[in-house]
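In what follows, a structure is listed as structure tokens, so that the remarks can point back to it.
Taken together, the values in this text are just the output of simple stated rules run on the coordinates, not laboratory data. The structure displayed is predicted, hence computed values, not measured ones. Counting neighbours? That spans all protein chains shown, and the Cβs are built from the backbone with ideal geometry, glycine included.
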Amino acid sequence: MAKTLIDCRKEIDDIDDKLFELLIARNQVSLDIADIKIASGDMSVYKPEREAQIIDRLSEKTKAEHEKTMVQNVWNEIMKNSRLTQLQYMVNRLR
């Protein structure tokens, strides 16, 4: 039997729920990294070489150009949010 629109939307909802949980977990690890940076005295939150490594590694997992673009766009936003979260966290911790 072919999938219905309702079936596909349910599948998307399930995937979104998993992505949500993973993003929350990723954010917590980002805060752990902020703690390590504070302890080491390295307060920089922007590491372009590290971000490029992540995007390159993930982009290599697909041959489809539109998927590479999606990976770059999505992970740029994820990492931008991680930088902002780390910065806010560090400022609050050092007050």
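What is the sum of charges around T85, taking Lys and Arg as +1, Asp and Glu as -1, for the other residues whose C-beta is under 15 Å from the C-beta of T85? Write out the running numbers ahead of the final one.
On the way: positive: R26, K37, K47, K80, R83, R93; negative: D32, D35, E51, E77.
Neighbourhood net charge equals +2.
Mean Kyte-Doolittle hydropathy of -0.5 or higher plus an axial Cα length of 27 Å or more: which whole DSSP H helices in the chain meet both? Write down the numbers at each step before the final one.
Working: long enough: 5-40 (51 Å, 0.13); 65-93 (41 Å, -1.00).
Helices meeting the criterion: 5-40.
With +1 on the Cβ of every Lys and Arg and -1 on the Cβ of every Asp and Glu, and nothing else charged, how large is the dipole of the range 5-93 about its Cα centre, in debye rounded to the nearest 20? Mind showing how you got there, number by number?
Details: 14 positive and 17 negative charges, 74 e Å.
The dipole of the range 5-93 has a size of about 360 debye.
With contacts taken as Cα pairs under 8 Å at a separation of at least 6 residues, the range 5-93 carries a relative contact order of 38 percent. Provide the net charge surrounding I6, with neighbours chosen by a C-beta distance below 14 Å and charges set as Lys +1, Arg +1, Asp -1, Glu -1. Local net charge: -1. A value for Cα Rg over 2.2 N^0.38 Å was derived from the coordinates, and within the list [x] 1.38; [y] 1.11; [z] 1.03 it appears as [x]. Of the residues N81, T4, V71, the one whose Cα sits farthest toward the positive end of the charge dipole of the chain, with +1 on the Cβ of Lys and Arg and -1 on the Cβ of Asp and Glu, is N81. Of the GluC sites (Glu not before Pro) found in the range 1-78, the ones in coil according to DSSP and having at most 12 other Cβ atoms within 10 Å of their Cβ are E60.
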